[in-house]
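Encoded as structure tokens, the structure appears first; notes follow it.
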Amino acid sequence: MGFFKRMFNNNKHSSKRTPNKSDNQSINTFSSLQENIQYIQEALFHTEDLQQRSVLFHGMSGVLLFIQPLCDQEKIREEILKPLSLADEEKIEDMITAIQTKTIMDMEKAVDLMIEGYAVLFFEGIEECYAVQVDAIYKRDVSEPNNEKIVRGSHQGFIENTTVNLQLVRKLIKNRSLVVRRYQIGKETNTEVSIAYMQNLANPELIEEIDRRIKDINADTMVSTDFVEEYIEDESFSPFPQMLHTERPDRVVGNLMEGRAAIFADGTPTVSIVPVTFFSFYQSTDDYNSRTIPGSFIRLIRLLSFIIAINLPAYYIAVVSFHNQVIPADLFFPVKGSVEDIPYPPILEALFMELTIELLREAGIRLPGPVGQTIGIVGGLVIGDAVVKAGLVSNTMIIVVALTAIASFVVPSHDMSTSVRILRFPVMIFAALFGFVGISLSITFIVIHLCKLESFGTPYLAPMAPLRLKDWFKDVIIRLPYWKINERPIDAQPQELQQESYSREWHKDGKRKK
């Protein structure tokens, strides 16, 4: 029994909740300006997007505190700083021209308002503060990322401005525990790179490791998160990506709430999430916006596509070259007849068609939109029909290559899709040399590599290796209803493993209350 208990509950993590400042009693504002500043900084965990501006009003020194991504700099200048510099009234609130100004004496309330986009004004010797609404409204196209289309859910996407991207995240997480750390990387480019994480959820060791790796970057050029990835990832020569790239704010928020960290870089709409596992790349926002059964079915289809995309061409080559006996009798003669007239072995046939598909795909991406789509569709139809009629490729190979291409495009992550397309070539070569034995060997090598691979200390195949069957059927292989997922994934080792349980009291007796 001890073995099975460890199997289902290994890596048991403490679910003890850490105290949150918002649970504390209200605290009055201080008469000391420095005490007020220090309290706000500590309440926001010294987040580096907290800005302050010195203010002078009728000889009184003051300071204006605000969170930069949430506040409009023009409003701050025109509605607060400029009127106060030209003050001719005795009351501060009469000089501020903002639409909404609140006089408060509670520091906790001040922090909560700052998270909503308010700027807070303190003065030396005054035991109250002024919260001014100066929330930023950025003019941007609300467009969905082309690489991450979904059916249901938000259709917002990140853009090339880090301030806007952080605002999108903070609008979805109105919590003081969301912390931002900023870095200047690149001796010549001086690119701003930021990491965001939840102070009460993310593992401190993870944040320290990310901080150490980013600070150790010594390069002249750093223009995107892709540059950062190559400097800080664990295995640069692995075909598998170790950081999840996304352009969706809701996906970033979902991962932050699981205890992971997000890496932003100015000038790119792509955000990198760490740590991740193999199964993270097969999860999509649609899984969570759909009901449990449809969402689980779609996820299973994606995981099946990984097996098809890697093995199907290799399986065809092995069957035709070595293992004809596994073909059913009714299919043997049609398949064998279509192959007999091909002047070269199946491996060359498969490589020719796979390379043709890759060329068509690249041409479709590089050409303008309408032209690229036309090339992809017309080129595939015309070339496929022509090569069959010319006797260069068999009909069966066309079907195999088409199914393989479709399976490789099912993956929600572009990086993992590319990895799958690359890996099928060595598997095909092994199949051409050794048949089914070659496929078994190549798959064994891939699995061994996946077991050894890590992403910032997290096993890449978790919860499969190390084995944790308890998590397989919660939010990995399938997705249970939200009210059943009462624990965060163990792979990121969050500080709080236990989540708040969703109430199902109305369903407790199995009948509707009248």
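Against the list (1) under 27 Å from V169 (Cα atoms); (2) touching a helix residue (DSSP H, G or I) at 6+ places or on another chain (Cβ under 7 Å); (3) not aromatic (F, W, Y), the condition I96 fails is (1). Residues in the stretch 222-259 that are farther than 14 Å from T458 by Cβ, under 14 Å from the mean Cα position of the chain (by Cα) and in contact (Cβ under 8 Å) with a residue 60 or more places away in the chain: H245, T246, E247, R248, P249, D250, R251, V252, V253, L256, M257.
All told, P145 falls short of being in a loop (DSSP other than H, G, I, E, B) and modelled with pLDDT of 90 or more. The condition of being assigned by TED's automatic domain parsing to the domain that holds H414 and within 22 Å of P489 (Cβ to Cβ) holds for only one of R251, R302, that being R302. Condition first: closer than 24 Å to E233 by Cβ and touching a strand residue (DSSP E or B) at 6+ places or on another chain (Cβ under 6 Å). Now tell me which residues in the stretch 276-309 satisfy that. Listed by number, the residues that qualify are V276, S280. For the stretch 58-99, the tally of residues that are at pLDDT below 85, surrounded by 15 or more Cβ atoms within 10 Å (Cβ to Cβ) and within 21 Å of Q34 (Cα to Cα) stands at 1. Looking only at the stretch 432-443, decide whether some residue is at pLDDT 90 or above and within 22 Å of P241 (Cβ to Cβ). Yes, the stretch 432-443 contains a residue that is at pLDDT 90 or above and within 22 Å of P241 (Cβ to Cβ). The number of residues in the stretch 242-297 that are within 23 Å of Q167 (Cβ to Cβ) and in contact with a Pro (Cβ under 7 Å, 6 or more places away or on another chain) comes to 5.
Among the conditions (1) touching a residue at least 40 places away in the same chain (Cβ under 8 Å); (2) surrounded by 14 or more Cβ atoms within 10 Å (Cβ to Cβ); (3) in a helix (DSSP H, G or I), V276 misses just one, which is (3).
Per-residue answers, yes or no, for (1) surrounded by fewer than 19 Cβ atoms within 10 Å (Cβ to Cβ); (2) more than 30 Å from I273 (Cα to Cα); (3) without any contact (Cβ under 8 Å) to a residue 40 or more places away in the chain:
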residue	(1), (2), (3)
V400	no, yes, no
A407	no, no, no
S413	no, no, no
F425	yes, no, no
L441	yes, yes, yes
V447	yes, no, yes
S455	no, no, no
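Across the stretch 463-502, which residue is farthest from N289 (Cα to Cα) among those that are basic (K, R) and surrounded by fewer than 21 Cβ atoms within 10 Å (Cβ to Cβ)?
Going through the qualifying residues, I end up with K470.
Evaluate the following for K174: is it of a type in the set (K, R) and either touching a Gly at 6+ places or on another chain (Cβ under 8 Å) or over 24 Å from Q498 (Cα atoms) (or both)? No. Residues that are surrounded by 19 or more Cβ atoms within 10 Å (Cβ to Cβ) and free of Cβ contacts under 8 Å to residues at least 40 places away in the same chain within the stretch 299-319 comprise just one, V319. Evaluating A262 against the criteria (1) in contact (Cβ under 8 Å) with a residue 40 or more places away in the chain; (2) surrounded by fewer than 21 Cβ atoms within 10 Å (Cβ to Cβ); (3) touching a helix residue (DSSP H, G or I) at 6+ places or on another chain (Cβ under 7 Å); (4) of a type in the set (G, A, S) leaves one unmet condition, (2).
Candidates E354, E362: the one that is under 21 Å from R424 (Cβ atoms), among the acidic types (D, E), under 38 Å from the mean Cα position of the chain (by Cα) and modelled with pLDDT of 85 or more is E354.
All told, A196 falls short of being of a type in the set (G, A, S), surrounded by 19 or more Cβ atoms within 10 Å (Cβ to Cβ) and either assigned to a loop (DSSP other than H, G, I, E, B) or at pLDDT below 90 (or both).
Need at least 1 residues that are under 25 Å from R182 (Cβ atoms) per element, so show me which helices (runs of 4 or more DSSP H) inside the stretch 23-133 make the cut, counting only ones lying wholly within it. Fully inside the stretch 23-133 and qualifying: 33-43, 73-76, 107-115. Of the residues V393, V411, V437, V400, the single one that is assigned to a loop (DSSP other than H, G, I, E, B) and either farther than 30 Å from L206 by Cα or among the basic types (K, R) (or both) is V393.
Remark: S290 falls outside the filter, which requires a residue to be under 30 Å from L392 (Cβ atoms) and small (G, A, S). Only one of the numbered conditions (1) closer than 25 Å to Q199 by Cβ; (2) crowded, with 21+ Cβ neighbours inside 10 Å; (3) not small (G, A, S) is not met by R212, and that is (2).
The values are calculated or read from the model by the stated rules, or taken from the named source; none is laboratory data. Because the structure is a prediction, the values reported are computed rather than measured. Note that each Cβ is placed from the backbone with ideal geometry, even for glycine, and that neighbours are counted across all protein chains shown.
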